[in-house]
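Step one of this worksheet: look at the structure below.
The values are calculated or read from the model by the stated rules, or taken from the named source; none is laboratory data. Nothing here was measured: the structure is a model prediction, and the numbers come from that model. As a convention, Cβ positions derive from the backbone with ideal geometry for all residues, glycine included, and neighbour counts pool all protein chains shown. What goes into the accessible areas is simple: the full protein's heavy atoms, side chains included, and nothing from ligands, DNA or RNA. Shrake-Rupley method; radii C 1.70, N 1.55, O 1.52, S 1.80 Å.
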Protein chains: 2
Amino acid sequence: MTMNATGGRRRPPTIHDVAREAGVSRGTVSRVLNGGHYVSPAAEEAVNAAIRKTGYVVNRHARSLITGRSDSVGFLLTEPQERFFEDPNFNVLLRGCTQALAAHDIPLLLMLAGTPDERRRIMRYITAGHVDGVLLVSSHSGDPVADELRDAGVPLVACGKPIGRASKMSYVAADDRDGARDMVRHLLSLGRRRVGTVTGPLDTPGGVERLAGYREVLAGEGIEVDERLIASGDYSRAGGEAAATRLLAQAPDLDAVFVASDLMAQGVLTALHRADRRVPQDIAVGGFDDSPAALSARPELTTVRQPWDRISAEMVRVLLAQIGGEDPAAVILPTELVIRGSA
Amino acid sequence: MTMNATGGRRRPPTIHDVAREAGVSRGTVSRVLNGGHYVSPAAEEAVNAAIRKTGYVVNRHARSLITGRSDSVGFLLTEPQERFFEDPNFNVLLRGCTQALAAHDIPLLLMLAGTPDERRRIMRYITAGHVDGVLLVSSHSGDPVADELRDAGVPLVACGKPIGRASKMSYVAADDRDGARDMVRHLLSLGRRRVGTVTGPLDTPGGVERLAGYREVLAGEGIEVDERLIASGDYSRAGGEAAATRLLAQAPDLDAVFVASDLMAQGVLTALHRADRRVPQDIAVGGFDDSPAALSARPELTTVRQPWDRISAEMVRVLLAQIGGEDPAAVILPTELVIRGSA
DNA sequence: CTGAAAGCGCTTACAG
DNA sequence: CTGAAAGCGCTTACAG
């Protein structure tokens, strides 16, 4: 039983075969391939017929060699690996971006750079031009990769507002602050008066903005913010659990909590369950994301939906525009309150 | 504020620049790049110094154009999208493969083909040679993609034994049957006598083999298999929940259940909880996979660990060997019983 | 609108 | 061991 790499693969047809079949020059075939400008209708038709007949598919390597473009895009995740697999948000984003790119016939290269070592290798790979642009997924602002890529002139769009350098970098984000406001208002409308919050890391836009929304609503209602009602988390389930435990100790009269991510909210539910607090009767819990974690929680989470489909579609749109020469752009998308069993 | 695609990118150095710097011909530089054969030590050293000095990185498109290889590998998932995001196993596998390939400096192209339409487009892409080989992840044997790829001569390795055509196709799998035997023996060792099972889909190797292991152990113990103790699932959480509900109705005296995946086991726990059966006191529950789902379950799942790291590493190893011209190979890896709270 | 020609950056026989 | 040369499949000014 022999089977090698070239096994059943025939030599694929080239532009030359198409030209011969169509009775035109290779230049004309190429023009048809690249938009059909300066080509007579007759020639165009002959070429298209020849393409169908030969089953021709352009050789991207040859094309890239001359155009200097790779016709592929990188999806770069600079979080530690665990986060990627723990947090369903990344999955949703990855799928959305893959699909949006597929519509343009552009393959997505998945790049995982959790360690400084991996980051270096991948930076080299990217800056060598193996990818036309990068979809950057990383929540922390301390991340140097974003700056490095921008300085290298690599088209780039971040998911979430890059703290401190937004004006020079494209990004797509949900309206974090507004979503937080909706949730806190909802909790208050339930009659809760001791509303706490578990924040995201405060070096991330989600951490900062969702907390800001929380403060705004309380201030607007004339409720003084009690700092004992605020605990910070790290977007992990375990972090949420620990934060809730602290909250319970600092403010035993807590009757609601807005948690800055669904995954942390799962941890919060675990902590409340252990402390024999019923949800939502004793303590109402609101999440953020509407990730799959919201539905797998018990009770199912009332949460703030981030429009992941639109976020990924916009990231791709903005990136392709930038690769095409356009200036960077920021896109802010509205969120939606989703009410389920937890609040 | 202007910033375009070519912004900060300089024209990268070519092999020509390196040759000039090193005072040798381009051919010699190329030889150093490709293994250093037929190159004098002096020349090699000069070239390496020149590479460092110029920061040269090979242009893969030019290389691919002549070698006919793309130096990249596809990770093809033919499951419906939802499954990919619901089941943590895929994530673990994806990460493992990405890392194993990264060690060879080979990028992984993520390909999601959940619909017939996407499958067609991706098949075209792959058979056009844009990828040197594919890592195929799909649990169902009805999947035509595997055959199509093999017939097209594309180097291929499947995750899990492809039912009915294993002899002609590379695959890497855990020893499903043996893992199932370990788990059922464990449940019996706990003194349970009415041990049921929730199987995977019976057109998947995991569905068939894990059920076979279950039957074998019972037969070995002289226990007649009661078909009312067997319910089939679809590897989804909801499927596990439904199967457990059926089991409870058919065999109310159930005192243990071996579930063919951790994710389904989560659903089983939900159903048992609803039926007021305590785990593990009333009913012991054993899972399969040792995926992240095992740890997020309450109680944490006793399960059968699939060695995901090794599975992905072996998949990559076998694929690269095959791309290099070797014959297909099958690799079976041992599992390990992991005891936690649920049984 | 179209063809002939140059050239993208690299690898690989071919002579030496 | 090494250089000169051909050529991978395509795109794009350049003439017509």
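Quick notes
- Calculated over chain A, the projected area of the Cα convex hull averaged across directions stands at 23.2 nm².
- For chain B, the fraction of 1.4 Å probe accessible surface lying on carbon and sulfur atoms is 51 percent.
- Exposure of A:ASP309 as accessible area (Å², to 10), given a probe of 1.4 Å and all protein chains: 110 Å²
- For A:ILE66 and A:ARG310, the FRET efficiency from 1/(1 + (r/R0)^6), where r spans their Cβ atoms and R0 equals 35 Å, is about 0.45.
- Here is the list for region B:93-165: trypsin sites (Lys or Arg not before Pro) lying in DSSP coil, each with at most 16 other C-beta atoms within 10 angstrom of its C-beta, are B:ARG165.
- The protein assembly as shown, dipole about Cα centre (Lys/Arg Cβ +1, Asp/Glu Cβ -1), debye to the nearest 20: 1720 debye
- Anchor B:LYS168: aspartates and glutamates whose Cα lies under 16 Å away (excluding residues fewer than 8 positions away in-chain): B:ASP143, B:ASP147, B:GLU148, B:ASP151, B:GLU326, B:ASP327
- Each label point was placed 7 Å from the Cα along the Cα-to-Cβ direction; for B:ALA212 and A:GLU216 their separation is 6.1 nm.
- Charge context of A:LEU320, other residues only, Cβ under 15 angstrom, K/R +1, D/E -1: -4
- Estimated FRET transfer efficiency when R0 is 35 angstrom, pair A:ARG274-B:ARG194 (beta carbons, to 0.05): 0.65
- Spacing of the two label points (7 Å from each Cα toward its C-beta) at B:ARG185 and B:TYR38, in nm: 5.8 nm
- Dimensions in Å of region B:15-58 - Rg and Dmax from alpha carbons: 8.7, 24
- Legend: calculated FRET efficiency, A:ASP226 to A:ASP151, from the Cβ-Cβ distance at R0 = 60 Å, rounded to 0.05, equals 0.85.
- Contact surface B-A: accessible area buried, both sides summed, square angstrom, 1.4 angstrom probe: 4900 Å²
- Counting only DSSP beta bridges with both residues in chain B, the antiparallel share comes to about 10 percent.
- Take each residue in A:56-66, count the other chain C-beta atoms within 10 Å of its C-beta, and the mean is 6.
- Ranked by how many other beta carbons lie within 10 Å on average, peptides A:320-332, B:258-270, B:180-192 from highest: B:258-270, B:180-192, A:320-332
- Alpha carbon centroid spacing (whole Å) that separates region A:17-47 from region A:99-173: 37 Å
- Solvent exposure of region A:39-103 amounts to 41 Å² per residue of accessible area, where only protein heavy atoms count and the probe is 1.4 Å.
- Accessible area of region B:176-305 divided out per residue, in Å², using a probe of 1.4 angstrom: 37 Å²
- Of all DSSP beta bridges in the protein assembly as shown, antiparallel share, percent nearest 5: 10 percent
- Positive minus negative residues near B:MET123 (Lys, Arg vs Asp, Glu; Cβ under 13 Å): -1
- Charges were assigned to the Cβ only: +1 to each Lys and Arg, -1 to each Asp and Glu. The resulting dipole of chain B about its Cα centre is roughly 1220 debye.
- Expressed as a fraction of 2.2 N^0.38 Å, the C-alpha radius of gyration for region B:176-305 is 0.90.
- 20 Å-binned pair-distance histogram of the protein assembly as shown (Cα, whole percent): 16, 44, 32, 8, 0
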